[in-house]
Amino acid sequence: AFNDVIARMRVLDESRQEFVSNVSHELKTPMTSMKVLADSLLQMGEDVPPEMYREFLQDIDGELDRENQMIEELLSLARTDRKQVSMNISQLDINALAESVLKRVRPLAQKKDVELILVSEREIRAEADEVKMVMILTNLVENAVKYNREHGKVTVTLDSDGKSFTIAVTDTGIGIPKEAQAKIFDRFFRVDPSRSREIGGTGLGMAITKNIVDMMGGTIQVESETGKGTEFTIMLECETSGEIVKREPVPELKGARALVVDDDAQTCMSVSRMLREIEMTADWTTSGKEAVLRAKEAYEQNQEFKVYIIDWLMPDMNGIETVRRIRMVVGSEYPIIILTAYDWSDIEVEARAAGVTAFCAKPMFMSDIRDTLMTAIGQSQ
Ligand code: ADP
């Protein structure tokens, strides 16, 4: 038994040494870059051209941010390692929490044109620690965006069965090779260190996430296929209530028809589901051209759509052109809302001229939909 203890201590000691050497290396890398940059500026003295001066300072600033993030994450890791974190349990609205995380990650996703989708059949309430839930979910969603391809997708799916709830984060990214999946929660592990560094990764996020999930008594699993994408699923056992929440309809639009147009069928379905929740009748199509035909048909049958929700960027016919043509058919009466993941100030004049009534940031969430519709109705009146 004594030998066993010694052997175990040796293993512990080795892993501690490895950890310390990793930390030193990780902290030294940005330091070295900063030193080189600062030294070159000093050497050139008065002769540094102003643009170069600025550029070098910006690089130093970037390295400082990296260093800072690394230290923050190391502290976080140390705290969660020692289980020194107290749990602050309260009743959480998991849907609202997931929405807030997706909204926060939205700018990062927009840079790569990655679509964020939230799928949830019901409103889940659970007893958990809010700050920690936000931390783990943010980490998973950020990774799903960072390791995604351009124009990819990230779907967060919530579910509960009364005794536990699951959060699955699925992406259409580069995937994680089989042999790496076992190491994914190890500190400083990255599948491709140079890529991670380029996109600003510390290799600690997953280790911290695993620590927190363990502390909460939950599980985290990964499934992935190289080149196809990855799914992380967190399962937490705790008292949950999963009610199908009744949402109030917008009185003027109760029972009215709406047409959703987006080249991504999943977005169409998710927006349609939200519209149905507020008692509208939703139809959808993935093509701008088809949308114009359907608008025309509905108009001629006296069953016109009372609201249109149209994606701005679509391959066959873009949103603005689609609006222009729909307006030619249906006139100016009904509101048309443009969905866009981008800043719309540049297109606003053109869009309004084409007949757009209002804009809504993409992805659209349940909490946005009523406000957007009310604004649109208000404006079209
Ligand atoms: P990093 O800060 O480098 O992103 P993490 O600990 O969050 O570190 O993740 C560790 C490694 O796991 C990443 O460097 C990346 O190689 C891999 N990884 C994490 N999430 C994903 C994902 N959704 N798709 C592909 N690879 C991922």
For this session: Run the 1.4 Å probe and let me know the accessible area of Ser100, rounded to the nearest 10 Å².
Result: 50
Problem set entry | Between helix 288-300 and the chain: long-axis angle, C-alpha atoms, 0 to 90°, nearest 10 | 30
Problem set entry | Cβ charges +1 (Lys, Arg) and -1 (Asp, Glu), total dipole of the chain, debye | 520
Problem set entry | Folded to 0 to 90 degrees: helix 2-44 orientation relative to the chain principal axis, Cα | 70
Seminar exercise, completed: Among Val48, Asn22, Val131, the residue whose Cα sits farthest towards the positive end of the charge dipole of the range 1-153, when +1 is placed on the Cβ of each Lys and Arg and -1 on the Cβ of each Asp and Glu, is Val131
Exercise. Under 21 Å from the Cα of Lys296, which lysines turn up, not counting those fewer than eight places away in the same chain?
Worked result: Lys306
For this session: Compute the separation of the alpha-carbon centres of the range 25-49 and the range 141-190 and state it in Å as a whole number.
Result: 37
Exercise. Roughly how many whole Å is it from the C-alpha centroid of the range 285-307 to that of the range 312-345?
Worked result: 13
Problem set entry | Proximal aspartates and glutamates to Lys289, defined as alpha-carbon separation beneath 16 angstrom and excluding residues fewer than eight positions away on the same chain | Asp262, Asp263, Asp264, Glu297, Asp311, Asp316, Glu321
Exercise. To the nearest 20 debye, what is the magnitude of the charge dipole of the range 1-68 about its Cα centre, counting +1 on the Cβ of each Lys and Arg and -1 on the Cβ of each Asp and Glu?
Worked result: 480
For this session: Can you tell me how much longer the chain between Asp65 and Val131 gets when fully stretched, taken as 0.36 nm per residue apart minus their C-alpha distance, in nm with one decimal?
Result: 21.5 nm
Exercise. So how tilted is helix 130-146 from the main axis of the chain? Cα-based, degrees 0 to 90, rounded to 10.
Worked result: 80
Exercise. Residue separation times 0.36 nm, minus the C-alpha to C-alpha distance between Phe188 and Leu42: what's the value?
Worked result: 49.2 nm
Seminar exercise, completed: Among beta bridges assigned by DSSP with both residues in the chain, the antiparallel ones amount in percent, to the nearest 5, to 55
Exercise. In the structure shown, do any of Lys111/Lys178; Lys83/Lys112; Lys103/Lys210; Lys132/Lys183; Lys103/Lys146 have a Cα-Cα gap over 27 Å, and if so which?
Worked result: Lys111/Lys178; Lys83/Lys112
Exercise. Can you pull the accessible area of Val131 for me, 1.4 Å probe, Å² to the nearest 10?
Worked result: 100
Problem set entry | Relative packing of peptides 218-231, 73-86 - highest average C-beta neighbours within 10 Å first | 218-231, 73-86
For this session: Mind putting a number on the dipole of the range 145-230 about its Cα centre? Charges go on the C-beta only, +1 for Lys and Arg and -1 for Asp and Glu, and I need it in Debye to the nearest 20.
Result: 240
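The values are calculated or read from the model by the stated rules, or taken from the named source; none is laboratory data. Quantities reported herein were computed from a predicted structural model and do not represent experimental measurements. Ideal geometry is used to build each Cβ from the backbone, glycine not excepted, and the neighbour counts take in all protein chains shown. Protein only, heavy atoms only, side chains kept; ligands, DNA and RNA dropped before computing areas. Shrake-Rupley method; radii C 1.70, N 1.55, O 1.52, S 1.80 Å.
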